[in-house]
1. Can you tell me which residue within the range B:61-88, out of those that are away from chain A (no Cβ under 12 Å) and on the phi < 0 side of the Ramachandran plot, is surrounded by the fewest Cβ atoms within 10 Å (Cβ to Cβ)?
2. Find the helices (runs of 4 or more DSSP H) located wholly in the range A:73-137 whose residues include 3 or more that are of a type in the set (S, T, N, Q) and away from chain B (no Cβ under 14 Å), and list them.
3. For the subset of the range B:91-144 comprising residues that are among the hydroxyl-bearing types (S, T, Y) and open to solvent by less than 10 Å² (accessible area, probe 1.4 Å), which member is farthest from B:Q168 (Cα to Cα)?
4. Do any helices (runs of 4 or more DSSP H) lying entirely in the range B:10-129 carry at least 2 residues that are among the charged types (D, E, K, R) and more than 19 Å from the chain's Cα centre (by Cα), and which ones are they?
5. Step by step: first the residues of the range A:65-89, then only those that are out of contact with any helix residue (DSSP H, G or I) (no Cβ under 6 Å at 6 or more places or on another chain), under 19 Å from A:I170 (Cβ atoms) and of a type outside the set (G, A, S), then the one that is surrounded by the most Cβ atoms within 10 Å (Cβ to Cβ). Which residue is that?
6. Check the range A:210-226 and report whether any residue there is within 14 Å of another protein chain (Cβ to nearest Cβ), open to solvent by 30 Å² or more (accessible area, probe 1.4 Å), within 30 Å of B:V89 (Cα to Cα) and under 19 Å from the mean Cα position of the chain (by Cα).
7. Could you check the range B:44-60 and list, in sequence order, the residues that are at the interface with another protein chain (Cβ under 7 Å from one of its Cβ atoms) and either closer than 15 Å to B:P126 by Cα or open to solvent by less than 10 Å² (accessible area, probe 1.4 Å) (or both)?
8. Could you list, in sequence order, the residues of the range A:128-157 that are surrounded by fewer than 23 Cβ atoms within 10 Å (Cβ to Cβ) and farther than 24 Å from B:D153 by Cβ?
Amino acid sequence: MVLILLIIIWETASKLFEVPEWILPPPTSIGQETIIGWSDYNHHLWATIQLSVIGFVIGSSVGILVAICLHLVPVLREAIYPLLIISQNIPIIILAPLLVVWFGFGILPKLIVITLVCFFPITIATLGGFRQTSRELHHYMLMAGANKRQIFFKLEWPHALPSLFSGLKIAATYSVMGAVISEWLGASEGIGYYMTLASSSFRTDRVFVAILFIVTLSLLFFGLLSFVERKVVKAPAQEDE
Amino acid sequence: MGKLDVQNVSKSFGNQQVLQQLSFSVQDGEFVSILGPSGSGKSTLFNIIGGITAPDTGAIYLNGQDISGLRGNISYMPQNASLFPWRTVLQNVLLGEEIVLGKTDEEEAREMIAKAGLQGYEQAYPHELSGGMKQRVSFLRSMKSPQSMICLDEPFSALDEFTRAEMQKWLLSIWEKHRRSVLFVTHNIEEALFLSDRILVLSNKPARIQRELVIPFERPREEELVLSKSFLDYKKQLYYELRE
């Protein structure tokens, strides 16, 4: 509702004050461009979807693996946790060109960027889930004679699943952003590439088309993961005793 | 077969002695209660029997074998149900067996659940159950575990008086059908009297066996027992014993 209202205000304002199209195009012309330009940009769209999905899969696998390793080896957690946080303080915008210098213009540096953006929220959320494992259930597992493997697979892993999914959902939206950023730097296709082209030729309407698709994609990934979450996570995260 | 021997077990944490020279045994198929005030080291005793904590001195024997410091030899029912929220009732009941044997007998579990008055709840999740029902599932889980010795740690202390009485009767009815050796910890005199063959009264800090009392009431026991003269006499005895 609020969104529709905003769009209406935007439309009337840009008509009323005669804002030039290259500064702020009205929603109608963005809509027009979305339809007319489809055949021009749809391959960019597919490229970005592909890139962000592959990046997301790699990034979340890395994220989950790192979380499991850090959880199972406490020494490693002490040593690496601060490094993880530092890694997130390096702006990706600075890092990305460096990666291009090191790894060229291929798909590798792009995947590294997305992985870097994705793994962090997953690792942190999953680690949190592991650490908050109920002490009572843990005590029961010990009394029942469960070994480390059983405790992990029967207790800690299912317990961390809801946290893992909140990490995955954040990462899914980040992955689209990561893909677009990596495409700005050196790509021959993708929404990021399309966006740079559009903005340097003052086709502001196309920039907005790109934004529209970035938002839509993020929402789509988010929704997809929420759906999977409902299928996989069978019980509420916390049992109210 | 399930014969538990606790021999001369002592345990201190720092300067605080919690258990002092504790010795007792539970015979095969016997129901023994440990009665003591809260905080008298009952949980520590269970952790030692369960092999989580090592005793400072003494040892635990099960069927003649030294099991001190070894986990997985007893079946355990904790104070709060401790059901796994992502497992169904059926899966929760099977958990103990799954951990020890790695395989499960679903058919038998279904039967037990039905006989325990939980038919139709096999596929329900713990958050859909009431407190009493959760305890039932938790008890079934410990009964379904393959160990011959069951340790129950104040399993009904979180329930209200009515549910509690009902659960005690229910527990006896199940136990009389599947006779196992039981070590039951409680701070409730009436509960100990109603359920046990023998009661061990624990003293407060450090815990010693202050008194041992054989309860001769015949089984199966009826609810009216609680109001009989001899029951009340025992209750009085135990009450004074605990006040000392």
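The values are calculated or read from the model by the stated rules, or taken from the named source; none is laboratory data. All values derive from a computational prediction rather than experimental measurement. Glycine also receives a Cβ, built like all others from the backbone with ideal geometry; neighbour counts cover every protein chain displayed. These area figures cover heavy atoms from the full protein model, side chains too; ligands, DNA and RNA do not enter into them. Shrake-Rupley method; radii C 1.70, N 1.55, O 1.52, S 1.80 Å.
1. Only one residue fits best here, namely B:Q65.
2. Correct list: A:74-89, A:107-131.
3. Looking at residues that are among the hydroxyl-bearing types (S, T, Y) and open to solvent by less than 10 Å² (accessible area, probe 1.4 Å), I get B:S142.
4. Where helices (runs of 4 or more DSSP H) fall fully within the range B:10-129 and carry at least 2 residues being among the charged types (D, E, K, R) and more than 19 Å from the chain's Cα centre (by Cα), they are B:106-113.
5. Filtering first and then ranking leaves A:I68.
6. no
7. B:G50
8. A:G128, A:F130, A:R131, A:R149, A:F152, A:F153, A:W157
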